[in-house]
Amino acid sequence: MTVILAAIAAFIAAVIQRITGLGFVLVLVGPIVLLYGPVEGVTLGVLLALVASLTAIPLVWRQIDWARSWWLIWPGLLAAPVGALLVRLLPDAALLLLIAAMAYFALIAGRIPTLSAALSGRTGAVVAGSTAGFMHVASGLSGPPLAAYAVGDRWPQRGFAASAQLIFLVFGVVSVALRGFPVSPIEDVGTLAVATIAGIAIGTILSRNVSPRIARGAMLVLAWAGATVVLARGILALFS
C-alpha cells in the first residue's frame, strides 16, 4: 500500500511539473516524507525529481538558456555539501521541521516582491543558485529561489521552465551523490520511477488543453496540505 500511495503522489507531481515547469518535489515532499520518513522520503524525492528532469529535458532542449543556467548552477554546487551535512547532523524531528519550514518558504517566496526584486543580475543568480543548491540536497525544494530569480531578472517563463529542468538535473545528480541511493527495495524505487515517467508523459498531453493556472492551483492546495501535515508530524515527534 505504501508504494502505491507514493506512486500516485509521484504521478500527480510529475503531471503538474510538466504543465507548470515547477512543483514536482513541492507536491511530492509531504506524502513521500509521511510514507518513508524524513531521510528516506527526501532521498526518494530527490531521485524521482532527477528522473522527472531527465524525462522532460528532451522535450524542452531548444528553449534552455545555457548561460543563465550556468550562473545558477555553479553556486549551487558549492553550497550543496552544506545541505548534505545538515541532513546527517539533525535528528528526525528536526529534519521534519526543517522540511516543513522549507516547504512553507517555497510556498510564500513568490509572494514577497522585495525578494524577487533583489534577485537579479549575476549577484542575484549567485544568491539564488547557492540557496537552491543547498535546499535541493536538504529537502529537494530548490524551485522557489530559482523562480524568485526568474521574476526579479525578468526571465521569460518558457525559457526559465526549460532551463529549470537542466538545473534540477545537475542538482539532482549532485544530491544523489551526496545523499546516496534510497534503501527501499529496488522494485519499489522502479515502480515510483515508472509512475514519474508516466506522469511526465500524461502531463505533456494534458499541457495542450489544461491551463497552467489550474495546474498551479492544484499544486498549491496539495503543497500546503503536505507541508502542514509534515509540520504536525515534526511537532509530535519533537515531544514524543
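The values are calculated or read from the model by the stated rules, or taken from the named source; none is laboratory data. Keep in mind that this is a model prediction, so the values were computed, not measured. Heads up, the Cβs are rebuilt from the backbone with ideal geometry, glycines too, and the neighbour counts pull from every protein chain shown.
A compact table of results
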quantity	calculated
GLY203 at pLDDT below 90 and crowded, with 18+ Cβ neighbours inside 10 Å	yes
Top-ranked residue of the stretch 16-74 - restricted to ones that are of a type in the set (S, T, N, Q) and within 11 Å of GLN165 (Cα to Cα), ranked as surrounded by the most Cβ atoms within 10 Å (Cβ to Cβ)	GLN17
Residue match in the stretch 75-84 (condition: closer than 21 Å to ALA232 by Cα and modelled with pLDDT under 90)	no
Spans of helices (runs of 4 or more DSSP H) in the stretch 1-101 with at least 2 residues small (Gly, Ala, Ser)	2-20, 38-60, 66-89
Count of residues meeting criterion [without any contact (Cβ under 8 Å) to a residue 24 or more places away in the chain and within 19 Å of the chain's Cα centre (by Cα)] in the stretch 59-75	1
Test: residue in the stretch 217-225 that is surrounded by fewer than 19 Cβ atoms within 10 Å (Cβ to Cβ), in a helix (DSSP H, G or I) and at pLDDT 90 or above	no
Residues that are within 10 Å of the chain's Cα centre (by Cα) and either within 12 Å of VAL230 (Cβ to Cβ) or of a type outside the set (Gly, Ala, Ser) (or both), drawn from the stretch 18-41	LEU22, PHE24, VAL25, LEU26, VAL27, LEU28, VAL29
Failed criterion for VAL183 (all others in (1) of a type in the set (Val, Ile, Thr); (2) assigned to a loop (DSSP other than H, G, I, E, B); (3) in contact with a Leu (Cβ under 9 Å, 6 or more places away or on another chain) hold)	(3)
Residue satisfying condition, being part of a helix (DSSP H, G or I) and at pLDDT 85 or above, within set SER130, SER116	SER130
Subset of the stretch 152-173 (residues that are among the β-branched types (Val, Ile, Thr) and either farther than 15 Å from ILE73 by Cβ or surrounded by 21 or more Cβ atoms within 10 Å (Cβ to Cβ) (or both))	ILE167, VAL170
